[in-house]
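Here is the structure we will look at, set down as structure tokens.
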Amino acid sequence: MKNLPIFTSVIFLAISFMLFVPSCKKSVDTEVILATTTSTLDSGLLDELLPAFEKETGYVVKPIGVGTGEAIEMGRRGEADVILVHSRPDEDKFVEEGYGVNRRDVMHNDFIIVGPEDDPAGIKGLSCEEAFKILAEGKAPFVSRGDNSGTHKKELAIWNKVGVEPQGDWSKGDWYIETGQGMGETLRVADEKKAYTLTDRGTYLSTRDSLELVILVEGDEILFNPYGVIAVNPEKHPGLDINYDGAMAFIEFITGPKGQEIIKNFGVEEFGQPLFYPDVIK
């Protein structure tokens with residue numbers, strides 16, 4: 001190109017640039033960033049859902065597993081295209097503030113309280129609130145995620161209902177500890193310390209073979225755990241390349257027949273029960 005006339009060189013560069021830009025744009029447009037909870041990752045559900053979605057649509061999903069609070073904040077900052085979370089009040093606020101659009105119900109499971117099989121605190125079979133009261137009164141070792149996740153928010157809501165503000169430092173002999181970690185790691189710590197914790201059923205079932213913890217409290221209405229999916233509003237982030245089309249394709253898939261069928265069957269063969277229950281197609 002060194003020997004080409006200047007005008008010809010300019011034309012050549014312009015054509016090369018025009019050919020290069022669309023190919024770059026296409027690769028960006030096919031990537032969908034999904035901010036979601038550690039429970040959807042730890043349970044293995046996304047290992048089933050995402051390949052099926054990618055095969056059908058051609059999009060490639062980049063999942064980022066964090067607590068619900070951080071997933072929503074990622075949406076607020078425009079660092080994700082779509083979020084899959086489980087804290088309805090925070091989801092509604094996210095939409096009301098204009099950061100999210102087209103929220104839809106996806107699925108549900110429930111929270112459970114697990115602990116040592118010998119249950120030294122004696123909470124087995126009690127209501128959730130009764131169990132939390134006894135754990136606090138007896139200062140039974142309790143492990144919290146402490147990460148602003150949907151599970152952590154649910155735990156704090158239950159403590160609030162029973163009038164307890166738990167806090168502590170196990171290094172000082174206190175009964176309450178926050179891991180600041182996801183559900184899988186928090187279960188591991190609770191198991192190691194022979195402590196109690198609140199967990200979603202899906203993550204517990206998918207990891208129980210490596211744990212000695214058992215289910216002690218379940219079935220309360222307060223333990224219901226619904227998940228919602230929300231597209232990030234590109235109008236809130238005009239300077240960012242929010243993949244709204246990809247987000248909506250993901251929403252349509254996960255709430256459509258194929259996605260709901262995957263959710264319905266996930267875990268049945270291995271655990272004898274589904275880890276999540278679809279909310280759109282029963």
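Structure data summary
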{"quantity": "Residues located in the range 69-103, provided they are outside any helix (DSSP H, G or I), surrounded by fewer than 24 Cβ atoms within 10 Å (Cβ to Cβ) and at negative phi", "calculated": "Glu79, Glu97, Tyr99, Val101, Arg103"}
{"quantity": "Members of the range 131-159 found to be within 23 Å of the chain's Cα centre (by Cα), outside any loop (DSSP other than H, G, I, E, B) and not aliphatic (A, V, I, L, M), listed by number", "calculated": "Phe142, Ser144, Gly150, Thr151, His152, Lys153, Lys154, Glu155, Trp159"}
{"quantity": "Residue among Val214, Val162 that alone is without any contact (Cβ under 8 Å) to a residue 40 or more places away in the chain and either touching a strand residue (DSSP E or B) at 6+ places or on another chain (Cβ under 8 Å) or surrounded by 16 or more Cβ atoms within 10 Å (Cβ to Cβ) (or both)", "calculated": "Val162"}
{"quantity": "Qualifying residue in the range 178-193 (condition: surrounded by 15 or more Cβ atoms within 10 Å (Cβ to Cβ), in contact with a Leu (Cβ under 7 Å, 6 or more places away or on another chain) and of a type in the set (D, E, K, R))", "calculated": "yes"}
{"quantity": "Total residues in the range 208-229, condition in contact with a helix residue (DSSP H, G or I) (Cβ under 6 Å, 6 or more places away or on another chain) and either at positive phi or β-branched (Val, Ile, Thr) (or both)", "calculated": "3"}
{"quantity": "Flag for Thr197 being closer than 21 Å to Val85 by Cβ and modelled with pLDDT of 95 or more", "calculated": "yes"}
{"quantity": "Qualifying positions in the range 204-226 - more than 20 Å from Phe132 (Cβ to Cβ) and either outside the structural domain of Glu130 (by TED's automatic domain parsing) or of a type outside the set (Lys, Arg) (or both)", "calculated": "Leu205, Ser206, Thr207, Asp209, Ser210, Leu211, Glu212, Pro226"}
{"quantity": "When residues of the range 30-44 are limited to those that are in a helix (DSSP H, G or I) and touching a helix residue (DSSP H, G or I) at 6+ places or on another chain (Cβ under 7 Å), the one modelled with the highest pLDDT", "calculated": "Thr40"}
{"quantity": "Leu198 vs. criteria of a type in the set (A, V, I, L, M, F, W, C) and touching a Leu at 6+ places or on another chain (Cβ under 6 Å)", "calculated": "no"}
{"quantity": "Criterion (buried (at least 24 other Cβ atoms within 10 Å of the Cβ) and either under 19 Å from the mean Cα position of the chain (by Cα) or of a type in the set (Asp, Glu) (or both)) met by exactly one of Thr207, Thr199", "calculated": "Thr199"}
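The values are calculated or read from the model by the stated rules, or taken from the named source; none is laboratory data. For clarity, every value in this text was computed on a predicted model and none was experimentally measured. Here the Cβ is made from the backbone with ideal geometry for all residues, glycine too, and neighbour counts use every protein chain on show.
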